[in-house]
Amino acid sequence: MKKAATIRQANIFLSVALAIIFIFFPTSSLWGNIHPSPSADSQIELKIKRLNEIVATLLQEKHWDRAERFAIKAKEIAELHLDPNDPEFAVALDHLADLHWNRKKYSSAAPLYLQSLKIKEVNLGPRHPDLKPTLERLVELHQLQGESGPIPYLLFKLIKIKEKTLGTHDPALIPDIDQIAETHRTRNDHAQLQPLLEWRLRIKEKSLGREHPDLIPEIKELIYVHQALYGKETAEELLKRLLALQEKNLGPAHPELEPTLDQLVKIHQSREEFNQTGSFLLKIVKIKEKALGPYDARLIPVLKKISGLYRRQDDHDLLQPLLEWHLRINEKSLGRDHPDLIPTLKELVQVNLALNDKATAERLLDRLLTLQEKSLTPQHPDLIKTANQLAKMYQANGKREQARLLFAKILQVKENTLGPYHPELAPLVTRLAELSRDSGDISQAEVFYHKLWQIADKSLTPQPEMRAMVLYQLAEIQIAAGFPSKALSLYRQALTLYEKFLGSNHLQVASIRNRLGEIFSSQGDFSSAEPLFLHALAVRKSVLGHEHLDVAKVLDNLAYIYKTSRFWDQAESYYRKSLFVRERLLGANHLDIAKTLDALAEVYKMKHLPENIESLYLRSLSIRENSLGPFHPEVAESLRNLSDWYRHLGKLPQAVVLSRRASEIIANPKFR
């Protein structure tokens, strides 16, 4: 071994000696001018090349001191005599830089490597593979010195060299991209980091496909950088892409989706885009539901958020199931009788009322009242309000007795608090009076209306409207009881009051005038009835328009008094007008039209216009059969009308058949 080392050192010494002789004693001076002498520039370039070779050999053998002397000499000669961009100058710079590197003089090595790099870029181009060792050495130097500033620039040059060889989307570029990205990441330099992350994402998309799960972390970081640079709202498309990736690869109910969904919720909520916000919140609920179960109280905050969105949009169809879910969760955690259920029950009542689901609203009100009765005193306003709502719901759903009992209970509680004649009792007493009247309990209805009169009497302020309403309702009771003469006086008193505070052209005034006209008409006092009906007709036409059923009713009343008074033309005119209105509003085959057809046929009989009578009776019969079936008493009435007309025309066979049918219907025990 010693012998080999001795031989190697001898060879080095010989090479160096020959190089020195060659450099400092040119061949022409030793051997004469055997060959033409090269130019001075060529000789200098050759000297530097030989010096560089000597330095390379000495560096290889780690003879640092001797190598340094030759390296300095080569650099000095090159600086004096060579072009600044000569490749041999770069070699000399690299050698001297390597010496400083090996001696850990990094601050001295860095500028030499950088100068060498610039020369190489001029000669080879900025993306030549031969630049790679110098760039890598520069990166390492700056890392050793703790100087991160120039590193991204140098690494980017390295990537561009690789990119030229490998292509833009080769995965081998990713480690270098990551290295640059990390330097920008540590400095929070998002503007420089963003394009690198986008480049890395494109590479992975190219190699893995756009739906690969490995893209998830890439997009997550890109979202963070994007939001840091441009604000949270600008990352919407990236967030949606991330969500789609997560749903495909992790499933729609995976917990990792929740942060993504939460960010999308905030974006759309800030824009007041409620539909999109609601859809993302519903996904969050489903994730939580899968993780926690459907009745965990931790679902409630999200349910409240979604409910708030639907509440703002008045979207009761979507709000109802969420409130029911909220209620079930509270029932599970608190029990069915806990007072904290009351707010949700209250809102559910209002939502079901808005959806016109009266049966469900009634059931909820009943439960709400039961809960409130356990926690509130009978006089509590909330309890009374719920009881009042439930009683009204009973009334609307046709449960009159239940409504009456509950209204009576509320009245008793309020009377105990306010006294028997307080003005606040009037609405309750009115309800009870109406329920008694509609149930046929006329005497009880009368008692309640008299109580209303007493409330009005004892009020500190005049109550003309209440008095007028009481008089009108008492008059209605007398009509129902069959005492039109008593009703007449009450109607007149009500009319006087209504005209004073409503004026003569109000609908309520028209209704009373129509009622008075009906009483006079029933008594045969047509001269008194006519102006009342005409006034009622004018007001109703003015307020309601010509095509209204209340207008048709007055037209029928006028037609009746003209028919009875034998003013056939006027009677025909008003019946035709009534028929036109009813057909427009109810359709040509409505049951109410049959009576008008019969009356019009009677007028034609009196006017001796037979050509239309049969068709009117046939149409009336058809309407009644289709509406009531073939065996109803009103059908029998139509059969008799038509039979009488056929008998009048001499069509006895047809008349007999119709008369027998009518008799069979009337003979049926069901209609006795």
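The values are calculated or read from the model by the stated rules, or taken from the named source; none is laboratory data. As the structure is a computational prediction, the values presented were derived from the model and not from experiment. Using ideal geometry, Cβ is built from the backbone for each residue, glycine included, and neighbour counts are taken over all protein chains shown. Ligands, DNA and RNA are excluded from the accessible area calculation, which covers all protein heavy atoms including side chains. Shrake-Rupley method; radii C 1.70, N 1.55, O 1.52, S 1.80 Å.
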When (1) in contact (Cβ under 8 Å) with a residue 40 or more places away in the chain; (2) closer than 27 Å to E236 by Cα are applied to V349, the one that fails is (2)
Expected single match for of a type in the set (V, I, T) and closer than 20 Å to L345 by Cα among V265, V285, V302 is V302
Against the condition surrounded by fewer than 20 Cβ atoms within 10 Å (Cβ to Cβ), more than 60 Å from the chain's Cα centre (by Cα) and either farther than 23 Å from K132 by Cβ or basic (K, R) (or both), how does Q43 come out, does it pass?
yes
Per the filter on the stretch 641-667, residues open to solvent by less than 60 Å² (accessible area, probe 1.4 Å), in contact with a helix residue (DSSP H, G or I) (Cβ under 9 Å, 6 or more places away or on another chain) and either among the hydrophobic types (A, V, I, L, M, F, W, C) or modelled with pLDDT under 90 (or both) are L642, W645, A655, V656, L658, A662, I665
Only unsatisfied item for K204, checking (1) closer than 30 Å to S270 by Cα; (2) open to solvent by less than 70 Å² (accessible area, probe 1.4 Å), is (1)
Flagged in the stretch 371-407 as open to solvent by 40 Å² or more (accessible area, probe 1.4 Å), part of a helix (DSSP H, G or I) and among the small types (G, A, S), in numbering order, are S375, A396
L319 passes all but one of the listed conditions (1) aliphatic (A, V, I, L, M); (2) touching a Lys or Arg at 6+ places or on another chain (Cβ under 7 Å); (3) open to solvent by 50 Å² or more (accessible area, probe 1.4 Å); (4) farther than 22 Å from L250 by Cα; the exception is number (3)
Is it the case, given these coordinates, that R137 is in a helix (DSSP H, G or I) and under 30 Å from H184 (Cβ atoms)?
yes
Scanning the stretch 559-613 for residues that are of a type in the set (S, T, N, Q) and assigned to a helix (DSSP H, G or I), the one modelled with the lowest pLDDT turns out to be N612
Across the stretch 54-70, the tally of residues that are at pLDDT 85 or above, open to solvent by less than 40 Å² (accessible area, probe 1.4 Å) and of a type in the set (G, A, S) stands at 0
> modelled with pLDDT of 85 or more, under 30 Å from V225 (Cβ atoms) and open to solvent by less than 70 Å² (accessible area, probe 1.4 Å), is that true of A181?
Replying inline: yes
Per the filter on the stretch 146-174, residues more than 25 Å from A191 (Cβ to Cβ) and not in a helix (DSSP H, G or I) are G167, D170
The condition from (1) closer than 30 Å to S443 by Cα; (2) surrounded by 21 or more Cβ atoms within 10 Å (Cβ to Cβ); (3) basic (K, R) that R582 misses is numbered (1)
Test result for D176, out of contact with any Cys (no Cβ under 9 Å at 6 or more places or on another chain) and surrounded by fewer than 16 Cβ atoms within 10 Å (Cβ to Cβ):
no
| task | For the stretch 95-115, state whether one or more residues are open to solvent by 70 Å² or more (accessible area, probe 1.4 Å), of a type in the set (D, E) and either in contact (Cβ under 8 Å) with a residue 40 or more places away in the chain or part of a helix (DSSP H, G or I) (or both). | result | no
